[in-house]
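**Q** First, the structure itself, so that you have it in front of you.
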Amino acid sequence: MTQPAATWNEGLWHMLFAVGHPDLIAKQKRFQAEGIPPRCRLCMAPFGKLPVEGWTDEHPGPSNRNPRFCSLCDHFIRANPGGAKVTMTMVFADVRGSTALSEELQLEEYVRRINAFYRRTTSVFVQTDGFMMDVIGDEVFALYPPGFSGVSNADSEVAEADLAAFRTATAARKALTAARRLVEIGKSRAPNDLPFGVSVHTGVVYIGTIQGAEEGISDVRIWGVEVNKAARMCAQANPGEALVSPELCAAADLDPAELPERLLTFKGISHPVSVRVLA
């Protein structure tokens with residue numbers, strides 16, 4: 001019997017995103033010190049600096065199927081379809097009043113402002129080792145998987161048994177740093193910059209491959225109720241503030257008492273949800 005796609009290579013995907021694969025970590029650390037963004041979403045190979053003789057296996061170029069991955073990682077995704085449940089942190093940033101602005105502004109001006117929003121927010125994710133997931137309409141969001149974002153120079157000081165928890169906490173703190181920077185950007189925006197809200201949440205998601213037509217582009221996506229919760233939190237954040245979940249506070253070792261509390265109501269959830277306001 002053919003094995004369900006959802007369980008293919010589960011151990012490999014869990015190692016990559018929840019803990020970190022030793023070979024990939026070694027590549028990441030080297031690539032992060034070389035070149036300039038943009039980079040491959042998996043191994044961090046820089047696309048912004050081309051070797052004189054062209055790309056090699058050591059510095060693979062963008063995939064011609066999906067330019068968000070390098071050619072080697074694109075091959076890996078196609079050769080190892082599947083996924084796994086992983087605890088990770090998500091950061092959403094969403095423009096406020098976008099629909100009204102799209103009616104008010106000339107189309108070219110609206111697109112210019114949206115592109116400026118993309119540049120300001122995605123640069124923060126790059127600087128904090130976020131795993132850029134999507135830029136959709138007036139919203140961007142990034143993941144902070146422990147196996148990627150949680151890898152740090154302090155790993156060698158941590159016992160092997162504690163490494164996964166340490167990387168989960170490190171990734172959550174990087175996501176919190178990203179949220180703080182986004183709040184600063186939101187507060188200091190120029191008159192023509194678009195206002196936006198932010199959310200940060202930690203939870204168990206399913207991360208894995210998705211593929212369209214047989215010869216189409218393979219990509220990495222996440223699913224689960226925690227993704228919906230993070231997106232709904234962002235939808236209720238005021239311009240220039242970030243809403244932080246209790247789970248994020250616990251993962252990042254942040255004392256929630258330091259931040260104001262707010263109760264939110266989500267469709268489909270019978271009781272109010274308590275969050276903290278980073279503003």
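The values are calculated or read from the model by the stated rules, or taken from the named source; none is laboratory data. Just so it is clear, the structure is predicted and the values come from calculations on it, not from any experiment. Because the Cβ atoms are built from the backbone with ideal geometry, glycine has one as well, and the counts that use them run over all protein chains shown.
**Q** Would you check if Glu241 is within 30 Å of His75 (Cα to Cα), buried (at least 19 other Cβ atoms within 10 Å of the Cβ) and either free of Cβ contacts under 8 Å to residues at least 12 places away in the same chain or acidic (Asp, Glu) (or both)?
**A** Numbers: within 30 Å of His75 (Cα to Cα): no; buried (at least 19 other Cβ atoms within 10 Å of the Cβ): yes; either free of Cβ contacts under 8 Å to residues at least 12 places away in the same chain or acidic (Asp, Glu) (or both): yes.
It is false that Glu241 is within 30 Å of His75 (Cα to Cα), buried (at least 19 other Cβ atoms within 10 Å of the Cβ) and either free of Cβ contacts under 8 Å to residues at least 12 places away in the same chain or acidic (Asp, Glu) (or both).
**Q** Need pairs with beta-carbon distance below 6 Å; first residue among the charged types (D, E, K, R) and within the stretch 162-184, second part of a helix (DSSP H, G or I); sequence gap 6+ or separate chains.
**A** Arg181/Val124
**Q** Now for a different question. Within the stretch 261-272, count every residue that is without any contact (Cβ under 8 Å) to a residue 24 or more places away in the chain, outside any loop (DSSP other than H, G, I, E, B) and touching a Leu at 6+ places or on another chain (Cβ under 8 Å).
**A** So the answer is 1.
**Q** To continue, here is another question. Within the stretch 251-260, track down each residue that is in a loop (DSSP other than H, G, I, E, B) and touching a residue at least 12 places away in the same chain (Cβ under 8 Å).
**A** Ala252, Asp253, Leu254, Leu259, Pro260
**Q** While we're looking at this one, here's another question. I need the strands (runs of 3 or more DSSP E) fully contained in the stretch 106-224, keeping only those with at least 3 residues that are in contact with a Phe, Trp or Tyr (Cβ under 6 Å, 6 or more places away or on another chain).
**A** Result: 131-136, 139-144, 196-211.
**Q** Take the residues in the stretch 83-115 that are more than 30 Å from Cys249 (Cα to Cα) and small (Gly, Ala, Ser), then tell me which one is surrounded by the fewest Cβ atoms within 10 Å (Cβ to Cβ).
**A** Ala100
**Q** Another question, if that's okay. Can you tell which of Ala171, Ala164, Ala154, Ala159 is buried (at least 22 other Cβ atoms within 10 Å of the Cβ), closer than 21 Å to Pro22 by Cα and not charged (D, E, K, R)? It would help to see each step written out before you state the result.
**A** Numbers: Ala164 fails: buried (at least 22 other Cβ atoms within 10 Å of the Cβ); Ala154 fails: buried (at least 22 other Cβ atoms within 10 Å of the Cβ); Ala159 fails: buried (at least 22 other Cβ atoms within 10 Å of the Cβ).
Exactly one of Ala171, Ala164, Ala154, Ala159 is buried (at least 22 other Cβ atoms within 10 Å of the Cβ), closer than 21 Å to Pro22 by Cα and not charged (D, E, K, R), namely Ala171.
**Q** Which one of Ala231, Ala178, Ala251 is crowded, with 20+ Cβ neighbours inside 10 Å, of a type outside the set (Val, Ile, Thr), under 15 Å from the mean Cα position of the chain (by Cα) and modelled with pLDDT of 90 or more?
**A** Working: Ala231 fails: crowded, with 20+ Cβ neighbours inside 10 Å; Ala251 fails: under 15 Å from the mean Cα position of the chain (by Cα).
Just a single option satisfies the conditions, and that option is Ala178.
**Q** Right, another one. Do we have Leu248 as closer than 17 Å to Arg181 by Cα and outside any loop (DSSP other than H, G, I, E, B) here?
**A** Considered against the rule, which asks whether it is closer than 17 Å to Arg181 by Cα and outside any loop (DSSP other than H, G, I, E, B), Leu248 comes out as yes.
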